[in-house]
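Taking it in order: structure first as structure tokens, then the write-up.
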Amino acid sequence: MRIDVVSLFPDFVRQSAAIGVVGRAQQRELLQVETWNPRDFATDNYRTVDGRPFGGGPGMVMLIEPLRAALAAIREAASEPVHVIYLSPQGARLTQKRVEALAKMPRIALICGRYEGVDERLLEHEVDEELSIGDYVLSGGELGAAVVIDAVGRLQEGALNDAQSAQQDSFSDGLLDCPHYTRPVHHDAWGGVPEVLLSGDHAAIRRWRRKQSLGRTWLRRPDLLTQRALDDESRALLDEFRRDFER
Ligand SMILES: Nc1nonc1C(=O)NCc1ccc(Cl)cc1
């Protein structure tokens, strides 16, 4: 999969995509991240990328032309269609479900805005999808782009090792993760570890972990439970968790 990022801060995007799982996915050529700086597509001597807002008001707006020219260059370098995404608080909230769909696309382009916004005509004519990583205001779209690159990059076939895949699965089935423990078995100030995890009874351990994931989701994110049907076993485990909790 190839991801082209249009950003005034290409180094940030490149460096964040060069580490960890995503960095390794690039080394293995499972993923390719390229950056394009709109300033390189500005047509005037001052390499201008922003303009004053019509209607007045503070701040500046990103010009159409440098962004449009950067996208044209991206499309020229592409043998297949490019799905263009704009990151902003005005977009649809990014979910794991949407990440899984994006991860199957051959090419996506991420446009990172700065200043007060991007000329609406660019968004109307060039952007296929507007996405938000959360309901808060950042200084630009680059952090959103880094989130999309990470979430989509780790889903590329071969990017994750077994442990990471297991962790991914626990989140991806729409539930919160269970608690994790490691040595020491007994900590002076903070006590021990749930006995079942020391038992070696793998069926019981699996059951305990599933019960914890269901229970934590019920306690912390009940909205996630309404979005999915629970099979009989999960329903029984959650009821057991709730009985224990309310005891
Ligand atoms: N929340 C979010 N989810 O994705 N992006 C954001 C965000 O706050 N971007 C800031 C931003 C976006 C566009 C422009 Cl022109 C300026 C600043």
Check: So what are the radius of gyration and Dmax for the Cα set of the chain, in Å?
Finding: 22.8, 73
Notebook entry, point to check: From Cα coordinates alone, what are the radius of gyration and Dmax values for the range 86-143 in angstrom?
Noted result: 11.6, 32
Check: Using θ = phi - 60° and the Karplus curve 6.51 cos²θ - 1.76 cosθ + 1.60, what whole-Hz ³J(HN,Hα) does each residue of the range 84-96 get, with Gly and Pro shown as x?
Finding: 9, 10, 10, 8, 6, x, 7, x, 5, 4, 6, 10, 4
Notebook entry, point to check: Calculated from DSSP H runs of 4 or more alone, at -39500 (n - 2.57) each and per residue, what is the 222 nm mean residue ellipticity of the chain, nearest 500?
Noted result: -12500 deg cm²/dmol
Item checked: Listed residues PHE54, PHE12, ALA78: farthest to the positive end of the dipole of the range 1-115 (Cβ charges) -> PHE12
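Give the percent of DSSP beta bridges with both residues in the chain that are antiparallel, rounded to the nearest 5. Walk me through the numbers before you get to the answer.
On the way: 3 of 24 bridges.
Approximately 10 percent, going by the DSSP bridge assignments.
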Note to self: For a quick check: with amide H placed at 1.01 Å from N, whose amide H comes under 5 Å from SER132's, ignoring anything fewer than 5 positions away on the same chain?
What the structure shows: SER88, GLY91, ALA92, ARG93, LEU94
Note to self: Give me the 1.4 Å probe accessible area per residue for the chain, excluding ligands and nucleic acids, in Å².
What the structure shows: 59
Next item on the list: Using the Karplus curve 6.51 cos²θ - 1.76 cosθ + 1.60 with θ = phi - 60°, work out ³J(HN,Hα) for each residue of the range 204-212 in order, rounded to whole Hz, and write x for Gly and Pro.
Entry: 5, 5, 4, 4, 4, 5, 5, 5, 5
Next item on the list: Would you work out the charge dipole size for the chain about its Cα centre, treating the Cβ of every Lys and Arg as +1 and the Cβ of every Asp and Glu as -1, and quote it to the nearest 20 debye?
Entry: 580
Checklist line | GluC sites (Glu not before Pro) within the range 1-94, DSSP loop, no more than 16 other Cβ atoms inside 10 Å | finding: GLU29
Next item on the list: For the chain, build the charge dipole from Cβ charges (+1 Lys, Arg; -1 Asp, Glu) around the Cα centre, then report which of VAL196, ALA69, SER132 sits farthest towards its positive end.
Entry: VAL196
Checklist line | Surrounding net charge for ARG47, when Lys and Arg each add one and Asp and Glu each subtract one, Cβ distance under 13 Å | finding: -3
Check: Using a probe of 1.4 angstrom, how much of the accessible area of the range 1-124 is carbon and sulfur, in percent?
Finding: 51
Checklist line | Charge dipole of the range 1-144 about the Cα centre (unit charges at C-beta), most positive-ward option of LEU123, ALA42, ALA109 | finding: ALA109
Notebook entry, point to check: Taking amide hydrogens as modeled 1.01 Å from N in the peptide plane, which residues meet the under 5 Å criterion relative to MET60, leaving out close sequence neighbours?
Noted result: GLU116
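Can you give the net charge of the other residues whose Cβ lies under 15 Å from the Cβ of LEU197, counting K and R as +1 and D and E as -1?
Net charge in that neighbourhood comes out at +3.
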Checklist line | Integer Hz, Karplus 6.51/-1.76/1.60 couplings in order for the range 172-183, x for Gly and Pro | finding: 5, 7, x, 10, 6, 6, 7, x, 10, 9, 9, 4
Note to self: Quick check for me: using +1 on Lys/Arg Cβ and -1 on Asp/Glu Cβ, what's the dipole size of the range 147-247 about its Cα centre, in debye to the nearest 20?
What the structure shows: 240
Notebook entry, point to check: Expressed as a whole number of Å, what is the distance separating the alpha-carbon centroids of the range 136-187 and the range 27-60?
Noted result: 30
Check: Tally Lys and Arg at +1 and Asp and Glu at -1 over the other residues with C-beta under 14 Å from the C-beta of ARG121: what net charge comes out?
Finding: -4
Check: Which cross-chain or sequence-distant (5 or more) residues have an amide H under 5 Å from the amide H of TRP36, H modelled 1.01 Å from N in plane?
Finding: VAL5, VAL6, SER7
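Calculate, in whole percent, how much of the Cα-Cα pair population of the range 5-86 lies beyond 21 Å.
43
The values are calculated or read from the model by the stated rules, or taken from the named source; none is laboratory data. Since the structure is predicted, the reported quantities are computational estimates derived from the model, not experimental observations. Cβ: placed from backbone, ideal geometry, glycine included. Neighbour counts: every protein chain shown. For accessibility, only protein heavy atoms count, side chains too; no ligands or nucleic acids. Shrake-Rupley method; radii C 1.70, N 1.55, O 1.52, S 1.80 Å.
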